Amino acid sequence: MPESQRSTIIIAGGAGYIASHLVLALTKHTDFRDYNLVVMDNLLSGHKQSIPKGVTLENADLKYEEQIDTVFSKYKDIKAVFVSSQNHAHRQ
Ligand SMILES: NC(=O)c1ccc[n+]([C@@H]2O[C@H](COP(=O)([O-])OP(=O)(O)OC[C@H]3O[C@@H](n4cnc5c(N)ncnc54)[C@H](O)[C@@H]3O)[C@@H](O)[C@H]2O)c1
């Protein structure tokens, strides 16, 4: 399916320890083959290298609504957003 027609799943914190396992599982599962998988992460403690090939990294900070809006506006038909980031985030 052409990328422009695909639905999107966003995994916030997807470059981190816990959610990178979810991202990897999604890339391997045939049910998710036709989805754009997008990691939304500010790389505070996550690593680019944890993101599998074919998954898009959007460097955005969940503390800022406008950064979330920017990412959301880039993708059509967002089916799910998973969040697994820091449990002690403070607005700077
Ligand atoms: N690691 C564990 O064993 C464990 C167990 C139970 C619960 N948890 C919870 O799961 C969550 C994730 O834990 P983890 O070990 O994967 O942590 P992690 O630090 O490896 O991953 C967190 C990810 O979120 C990103 N992030 C942090 N703040 C962000 C922000 N403001 N905007 C965008 N991205 C941001 C980081 O860059 C990183 O990629 C935490 O809430 C933690 O308390 C972890």
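Rule-based calculations on the coordinates, nothing more; no lab input. Everything numeric in this text was worked out from a predicted model, so none of it was measured. Note that each Cβ is placed from the backbone with ideal geometry, even for glycine, and that neighbours are counted across all protein chains shown.
List every residue whose amide H lies under 5 Å from the amide H of residue 40, counting only residues 5 or more places away in sequence or on a different chain, with H placed 1.01 Å from N in the peptide plane.
Excluding prolines and chain starts, which carry no amide H, the hits are 11, 12, 13, 14, 58.
Dividing the convex hull volume of the Cα atoms of the chain by its residue count, what figure in Å³ per residue is obtained?
Each residue corresponds to 87 Å³ of Cα convex hull volume.
What ranking do 81, 38, 71 get, fewest neighbouring Cβ atoms within 10 angstrom at the top?
81, 71, 38
Mind checking region 33-92 for chymotrypsin sites (Phe, Trp or Tyr not before Pro) that DSSP puts in a loop (not H, G, I, E or B) and that have at most 14 other Cβ atoms within 10 Å?
Passing sites in region 33-92 are 64.
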